[in-house]
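Q: Could you have a look at this structure, given as structure tokens, before my questions?
The values are calculated or read from the model by the stated rules, or taken from the named source; none is laboratory data. Remember, it's a predicted structure, so these values are computed and weren't measured experimentally. For neighbour counting, all protein chains shown are included, and Cβ atoms are generated from backbone atoms with ideal geometry for every residue, glycine included. Each accessible area value is taken on the protein alone, full model and side chains, heavy atoms only, with ligands, DNA and RNA left out. Shrake-Rupley method; radii C 1.70, N 1.55, O 1.52, S 1.80 Å.
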Amino acid sequence: MPTTLPSEADRAALADYAERCGDHRFAPVVVLIAAYNEEESIGEVLDSIPARSCDLDVDKLVVVDGATDDTAKIALKHGAQTCIVPTNRGQGAALRLGYHLAVERGAHYIITTDADGQYDITELPKLLRPLIDGDADFVTGSRVLGSNERPQLIRRAGTHVFAWLVSALTGQRITDTSFGFRGMLAEVPNSVTLEQPQYQSSELLVGVLSRGYRVREQPMRMLARTAGVSKKGNNFRYGYRYARVVLETWWRERRAVNTNRSTRKNLTTNITA
């Protein structure tokens, strides 16, 4: 079941975008950022994104998730296509809207990064090259294979625990399930079921693995935040909710696979009967 956009907020944001931007078509590569109250850092992050990478043009798309500060104005000032959602719903909901808009407007590859400057944009070719060469459908960075500046001990432990859990559930070794700097074929996130308003990184990864897409990890750097504070909440609440999303997504995808197998079996039986 592909991701759908049924909400009134999505429709309002898309209508506003169409009114402001007309029939603008995206470059082959779109760097997508979901941003909520990131006026202090987003300008610097957008300025660091190159106009071309791996010989392809790059566009910047910011989905402003109900921000109450000047995030939208600053994103526009720094050259980003900006889709503005009137209410704050969470990073997952904002990224779903961005995936939809990117593929609808002609993007071939989607790169996600954060507005807080924690990812090194110079590593963009590491995500893009395997996609262009046809070696992967989904590429994600890994701080475990790379490096992490100023890591909290409990967050570092959580990274390993969730990596073990996802690897055990899906049967594919993963070292970092929540790295936000990722690249994918544009159709990939639009072909899996995405429902979570938050903690979308694990839902997308488990969904992609469960659907049989080719996933590759690349060693990358996790930098210290350049400004602002994390909006993920305290460590224990974050860990509990993250684990719940992992397990719910895995169970949902497992049931979907079993249902499809049963349907194909019954169809084959009816044909040969």
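Q: Out of (1) in a loop (DSSP other than H, G, I, E, B); (2) of a type outside the set (Gly, Ala, Ser); (3) over 20 Å from residue 36 (Cα atoms); (4) at pLDDT below 70, what's the single condition that is false for residue 213?
A: (4)
Q: Scan the range 22-44 for residues that are over 21 Å from residue 93 (Cα atoms) and part of a helix (DSSP H, G or I) and jot them down.
A: 43, 44
Q: Ok, one more. In this structure, is residue 130 open to solvent by 50 Å² or more (accessible area, probe 1.4 Å), farther than 21 Å from residue 35 by Cα and touching a residue at least 24 places away in the same chain (Cβ under 8 Å)?
A: So residue 130 does not fit the description; no.
Q: Output the number of the condition that residue 121 fails; it satisfies all remaining conditions of (1) touching a residue at least 60 places away in the same chain (Cβ under 8 Å); (2) within 22 Å of residue 196 (Cα to Cα); (3) among the aliphatic types (A, V, I, L, M).
A: Status for residue 121: all satisfied but (2).
Q: Now, a different point. If you take the residues of the range 173-216 that are buried (at least 20 other Cβ atoms within 10 Å of the Cβ) and among the acidic types (Asp, Glu), which of them is farthest from residue 93 (Cα to Cα)?
A: So, considering only residues that are buried (at least 20 other Cβ atoms within 10 Å of the Cβ) and among the acidic types (Asp, Glu), the one farthest from residue 93 (Cα to Cα) is 176.
Q: Take the range 30-65 and flag every residue that is closer than 20 Å to residue 197 by Cβ and either open to solvent by 10 Å² or more (accessible area, probe 1.4 Å) or free of Cβ contacts under 8 Å to residues at least 24 places away in the same chain (or both).
A: Our first condition is that a residue be closer than 20 Å to residue 197 by Cβ; within the range 30-65, this holds for 32-38, 61-65.
Of everything in the range 30-65, those that are closer than 20 Å to residue 197 by Cβ and either open to solvent by 10 Å² or more (accessible area, probe 1.4 Å) or free of Cβ contacts under 8 Å to residues at least 24 places away in the same chain (or both) turn out to be 34, 36, 37, 38.
Residue-wise test of (1) more than 30 Å from residue 48 (Cβ to Cβ); (2) modelled with pLDDT of 95 or more; (3) under 18 Å from the mean Cα position of the chain (by Cα).
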position: 168; (1), (2), (3): yes, yes, no
position: 205; (1), (2), (3): no, yes, yes
position: 208; (1), (2), (3): no, yes, yes
position: 218; (1), (2), (3): no, yes, yes
position: 258; (1), (2), (3): yes, no, no
position: 263; (1), (2), (3): yes, no, no
position: 268; (1), (2), (3): yes, no, no
